[in-house]
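The values are calculated or read from the model by the stated rules, or taken from the named source; none is laboratory data. No experiment lies behind these values; they were computed from the predicted model shown. Note: ideal-geometry Cβ built from the backbone for every residue, glycine included; neighbour counts use all protein chains shown. Ligands, DNA and RNA are stripped out before the accessible areas are found, and what is left, the full protein with its side chains, is counted by its heavy atoms. Shrake-Rupley method; radii C 1.70, N 1.55, O 1.52, S 1.80 Å.
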Amino acid sequence: MRISAFLWRIGIVMTILGFAHSIQAAEYFVDPQSGDDSAKGTTPETAWRSLDRVNETDFQPGDIVRFKRVPRLNGETMYRGTFKPKSGAVDQPILYTWYGDENLPKPTFCNSVPLNHESDWLPVEGKPHIWMTAPTEFIRTRHEESATKTFNHTWSFHTEGDAKASIKVYEIGDGRDVESTGVSHMLSISASGSAPNHIQWYSEPFSIERGKAYQVAFRVVGVGQPLVTEKPIQISLMQSGSPWTSYSNEGTIPVSVQGVQSGTVFRVVFTANRTAEDARMNLSFGGLCSQPATMLIGPIHVFEGTVRTTGITSDVGNLILHTQPITDTDSEVPVAGFKRWDLASLAQPGDYWCDLENKQVYLYSEQNPAKIYASIEAAQHGHVISTSGVSYATFDGLDLRYGAAHGFGGSGSHHLIIRNCDISWIGGADQYLQGGAGRRVRFGNGIEFWADAHDNLVENNRIWEIYDAAITNQGSGVNQEVNITYRGNEIWNSEYSFEYWNRGPESLTRGIVFEKNICRDAGFGWGHIQRPDKNGRHLMFYDNSAQVSDFRVTDNVFEGATDSLLRMDTAFPITLDRNRWKCTGDELFGFWHKETKYKAVDFGQFQQDTGFETNGQLESVR
C-alpha cells in the first residue's frame, strides 16, 4: 500500500508538472494592417505588426503564432523579408498558422521589394527606354559628433581554423574630415583560412535602435601592389555573442577589394531590425585570398542615420510585373521580367539587369515602369522561410511568393510539417552572386530539404511558377535524407515537379515517399524560356551515388512536359508504380537510364526493360 500510495503521489506530481509545463505555451497574433510591434502580441487586440518582431522573439515549444488574413492591398499588407521560425520540441511543435476571415487571402510572405511608385525609377541619361531604380542614400544624423561611433582603439581581432594573420596600429588619420580622423591598422594575412569567420575584426558592443540605419565607413589601401583576392570581405551588423544573430535587414554584405591599391573608401549601410544593446560591426576576412596579402585599413567609423532607399539589398532574381493591382483573388496572371547579365543586353520591354555592386535594377521600359505596371515586385536573393536547423514546427495555411531563392529552404531540418500552403513565383537569383561572370547558376525551389533532413511531411499544398523544382530533397558530402513524405500536393508550371539527388557513397537516402500528387505542365513556368538549361520534367533524378532504400513514387498523376515526364540519370532502388502518365503528344515519355530514351509509344518496352509501372497507366491527351 505504501508503494502504491507513493507511486500515486508521484503520478499526481508528474501530472501537475506536465500540466504546468503545458500551460506555459502561449498564443501570439500578428496583424500587418493594424498591429503594433510595441504591443504584447498575445491577443488579436494587441497583435504585433511586422515580421521583424516575430523573428526576434524566442518562442517556446508548444506556442502558436497566428498571422491574420487581410486584404492584400497591392502588396502593402505582405510580410516582407525572410521569416526565421523557431524550433519546438518532441510532442510540442510550434504552430505557425493564420486567424481571421477565411474568405480573405492567406497570410502572404514574400522576400521582395515593391517598386510601384514613379519616384522609385529614374531615366538613365543617354540610354532611351532604360530606367534604373533610385540609388540608396544614407543621411547622417544632423549632429555628427553624437551620431558617430568611433572604435579605433576598441576593435578586436580574432583568427581561428587554419588562418594566420595579424593586425597592428600603423598610423593616425590626417584629420581632414570625420572619415579620415582616427587610427589606421595594418592587416597582414599569410593564410586567410577557408571560411569567412576564420579572420574577424569587430567593434566593441554598441546600442542600436530598430528602423535606424548604421553606416560603416573605412578606407583600404593595398600595400606594395594591388590586392589579389578570390572572395570579398563579409560585413555584418550582428549580435556580440552567441547565437551571433544578424541585427539587420540586409544580413551579410560582401565588399570586394580586388585590385585596391590607392586607398578606396567603402561605405556599407545596415538597417537595424531590432533594438539592442549588444550590437557589433563585424568584418570577416576569412578565405579572402590564396596568396599572402597586406593592406592598410582605416580609419573606421560607424555612423548613425536614416536611409532613403527602394529597399534592394541583394541580387534581384525576378521582376514580377502586374498590369493590374495585386488583388485578393489573384485573377491576373503576371509576367516575369527577363533577367539579363549586363546593361548592354537590355533590348526589349521586360529585360532587366541587376547591378550587384550598387544594388540597383535597370529595366527596359517605354516610359516610367510605374506608369505601365500597377505592381512591380523585385524578388531578392534569400529564402522566403528559412528552415536551416529548424525542427518540430508546423506551417499551416500560409502563402509564400516573390522570393528569388527558395520558398521553404535550409539544411538540417527535421520533424517539419508543411501543409495547406500556397507557394508561387519563386527563384531566379544568382546563386553565387557573381553577376555576369562565372557559373550562372540560378536558385529556385518551392520546398527544398537540403542535407541531413529527416522526418518531414509536405501535404496538401499548391505550388506553381517555380524556376527550378516545386519539391526536392537533395544533398552532397556525407549526409542523410530520411523519412520525408510528399503527398496530396498540386503542382504546375514548374521546371521540375519533384527533383532528387544525393551524392557521396557514404550518404544515405531512406524512406522517401512521393504519393497522390497531381503534377501538370512541367517546364511551362516563367523561368523556362530564360533558362540556359531548359529541362522541363516532372520527375528529375540527377546523378545519385548515395545508398538508397525504401524510395517510393506511387499513385500520382503526371501530365504534360516540355522535355519528358521522367528522367533518371543513374539507376537506384525505387518503387515506381500505379502512376498515371498523361502525354500531350507522342514525344515525351523520355525515361533516361544509361542514355536510353522511350517515347510514349514505347511505354510497354519501358515497363519491360525497367520493371517500373507494372500497374501504371499511360494516356494520350490531345
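Couple of notes before you dig in:
- Dipole magnitude of the range 162-295 about its Cα centre (Cβ charges: Lys, Arg +1; Asp, Glu -1), debye to nearest 20: 140
- DSSP-loop chymotrypsin sites (Phe, Trp or Tyr not before Pro) across the range 306-358, with at most 14 other Cβ within 10 angstrom: Trp341
- Scattering profile of the range 374-516 at q = 0.09, 0.11, 0.16 Å⁻¹ [log10 I(q)/I(0), Debye over alpha-carbon scatterers]: -0.25, -0.38, -0.79
- Rounded to 5, the percent of DSSP beta bridges in the chain classed as antiparallel: 45
- A cut-off under 15 angstrom between Cβ atoms defines the neighbours of Ile233, and their net charge, with Lys, Arg +1 and Asp, Glu -1, is 0.
- The eigenvalues of the Cα gyration tensor, multiplied by 5 and square-rooted, give the range 507-582 an equivalent ellipsoid with semi-axes of 23, 17, 9 Å from largest to smallest.
- For Asp328, the residues 5 or more places off, or on other chains, whose built amide H falls under 5 Å of its own are Arg72.
- Projecting the Cα atoms of Thr310, Pro369, Val335 onto the dipole axis of the range 289-371, where Lys and Arg carry +1 and Asp and Glu carry -1 at the beta carbon, places Thr310 farthest toward the positive end.
- Paramagnetic reach from Trp244 in the range 200-224 [backbone N under 13 Å; point 7 Å along Cα→Cβ]: 200-202
- Separation between Cα centres of the range 467-481 and the range 283-323, rounded to whole Å: 29
- Antiparallel bridges, percent of DSSP beta bridges restricted to the range 288-410 (to nearest 5): 70
- Measuring between their Cα centroids, the range 496-523 and the range 224-254 lie 35 Å from each other.
- Over 28 Å between alpha carbons, listed pairs Lys127/Lys231; Lys164/Lys231; Lys534/Lys599; Lys40/Lys212: Lys127/Lys231
- Spacing of the two label points (7 Å from each Cα toward its C-beta) at Glu209 and Ser345, in nm: 4.4
- Converting phi to 3J(HN,Hα) with the Karplus coefficients 6.51, -1.76 and 1.60 and the offset θ = phi - 60°, the range 98-105 yields 10, 8, x, 6, 5, 7, 8, x Hz in sequence order, with x at every glycine or proline.
- Kirkwood radius for the range 175-295, taken over all pairs of different Cα atoms as the inverse mean of 1/r, rounds to 15.1 Å.
- Sequence-distant aspartates and glutamates (8 or more away, or on other chains) whose Cα lies within less than 12 Å of Lys86: Glu56, Asp58, Asp63
- Gln431 paired with Ser190, simple spin-label distance in nm, labels 7 Å along Cα-to-beta-carbon: 3.7
- Placing dummy labels 7 Å off each Cα toward the beta-carbon, the span from Thr154 to Val223 is 2.6 nm.
- Highest-first arrangement of 37-45, 606-614, where packing means the average Cβ count within 10 Å: 606-614, 37-45
- Rg and Dmax [Cα atoms of the chain; Å; Rg one decimal, Dmax integer]: 26.6, 96
- Added length on full extension, which subtracts the Cα-Cα distance from 0.36 nm per residue, Tyr170 to Asp91: 22.7 nm
- Most to least packed among 362-368, 483-489, 343-349, 598-604 [average Cβ atoms within 10 Å]: 483-489, 362-368, 598-604, 343-349
- For the chain, the solvent-accessible area of protein heavy atoms averages 43 Å² per residue (probe radius 1.4 Å; ligands and nucleic acids excluded).
- Integer Hz, Karplus 6.51/-1.76/1.60 couplings in order for the range 302-310, x for Gly and Pro: 10, 10, 9, x, 10, 10, 9, 8, 7
- Ordering Asn103, Leu457, Val260 by Cα displacement along the dipole of the chain toward the positive end leaves Val260 in first place; charges were set at the Cβ atoms of Lys, Arg (+1) and Asp, Glu (-1).
- Based on C-alpha pairs under 8 angstrom that are at least 6 apart in sequence, the range 397-537 has a relative contact order of 21 percent.
- Gln617/Glu490 FRET efficiency (R0 22 Å; Cβ-Cβ; nearest 0.05): 0.70
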